[in-house]
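Trainee: Questions regarding the structure given below will be posed in turn.
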Amino acid sequence: MKMIANNIKMGHVLEYKNDLYRVVKQPTHTQPGKGGAYIQVEMKSIKTGTKVNERFSSSEDVMKARLETKDFQYLYTQDNKIVLMDQETYDQIEIESEMLGEKIAFLTENMILTVEMHEETAITIRLPETIICEIAECEPVTKGQTVTSSYKPAILTNGLRVMVPPFIESGTKIVVRTEDVTYVERAK
């Protein structure tokens, strides 16, 4: 679908030079004293992972990829592939587990994931925004220590490391933001 380069935003997927690129930074609009205004766009190839900086004229037409967003249920992982089930048709699909990277540790049975697809090919997988996890190990609580801006390292039961406030102890369930693996709050 065509759109004017002025409307490009971070996260958009563009069809450019026979490849798909995700815009990884908010584009900057520049209006030099001489010449026409342009948009500086930093994007990353979805297939190869190569980063590209490109300039588009402000009024230039660019092709935004038409993506279909669908919810899938996580079933299991097998041979470096994640097996998901379509919530409507019950069809199963396999996706390379490297698409999630270290966040694969967050996957739990029956978790609902959002998959963006382009022509029946998975482009990205989005986990729920926050997940409840349990602390496997961390430094003990120091008596008299109150909530301060200092955080201590902790290891979750899924093996990921997260920085937590000093009052959190082993066995505590916490809410973790999946996008950047950060502590949100103690689970209620």
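The values are calculated or read from the model by the stated rules, or taken from the named source; none is laboratory data. Given the structure is predicted, the values throughout are model-derived calculations rather than measurements. Cβ sites come from the backbone with ideal geometry, for glycine too, and all protein chains shown count toward neighbours.
Trainee: Quickly run through the stretch 151-173 and pick out the residues that are over 16 Å from L107 (Cα atoms) and in contact (Cβ under 8 Å) with a residue 40 or more places away in the chain.
Mentor: Across the stretch 151-173, the qualifying residue is only K173.
Trainee: Could you tell me which numbered condition E102 fails, if it satisfies all but one of (1) among the acidic types (D, E); (2) under 25 Å from V23 (Cα atoms); (3) assigned to a loop (DSSP other than H, G, I, E, B)?
Mentor: (3) is the only condition that E102 fails.
Trainee: Read through the list (1) hydroxyl-bearing (S, T, Y); (2) out of contact with any Asp or Glu (no Cβ under 8 Å at 6 or more places or on another chain); (3) at pLDDT 90 or above, then give the number of the only condition that T30 fails.
Mentor: (3)
Trainee: Of all residues in the stretch 156-179, which are hydrophobic (A, V, I, L, M, F, W, C) and under 21 Å from the mean Cα position of the chain (by Cα)?
Mentor: Once the filter is applied, which keeps residues that are hydrophobic (A, V, I, L, M, F, W, C) and under 21 Å from the mean Cα position of the chain (by Cα), the stretch 156-179 yields L156, L160, V162, M163, I174, V175, V176.
Trainee: Quickly run through the stretch 58-91 and pick out the residues that are surrounded by 15 or more Cβ atoms within 10 Å (Cβ to Cβ), over 19 Å from the mean Cα position of the chain (by Cα) and among the charged types (D, E, K, R).
Mentor: Residue satisfying the conditions is K64 alone.
Trainee: Considering each of E134, E119 in turn, give the residue that is in the same structural domain as Y74 (by TED's automatic domain parsing) and either modelled with pLDDT under 90 or closer than 28 Å to T77 by Cα (or both).
Mentor: E119
Trainee: Might you check whether a residue that is assigned to a loop (DSSP other than H, G, I, E, B) and within 17 Å of V115 (Cα to Cα) occurs anywhere in the stretch 41-54?
Mentor: Yes, that holds for at least one residue.
Trainee: Take the conditions under 19 Å from the mean Cα position of the chain (by Cα) and either over 28 Å from L14 (Cα atoms) or not β-branched (V, I, T) (or both) and apply them to E94. Does it pass?
Mentor: yes
Trainee: For the subset of the stretch 1-40 comprising residues that are of a type in the set (S, T, N, Q) and assigned to a helix (DSSP H, G or I), which member is nearest to H118 (Cα to Cα)?
Mentor: Per the stated criteria, the residue is N7.
Trainee: Across the stretch 57-92, what is the number of residues that are within 19 Å of T124 (Cβ to Cβ), part of a loop (DSSP other than H, G, I, E, B) and either acidic (D, E) or out of contact with any strand residue (DSSP E or B) (no Cβ under 7 Å at 6 or more places or on another chain) (or both)?
Mentor: Count: 1.
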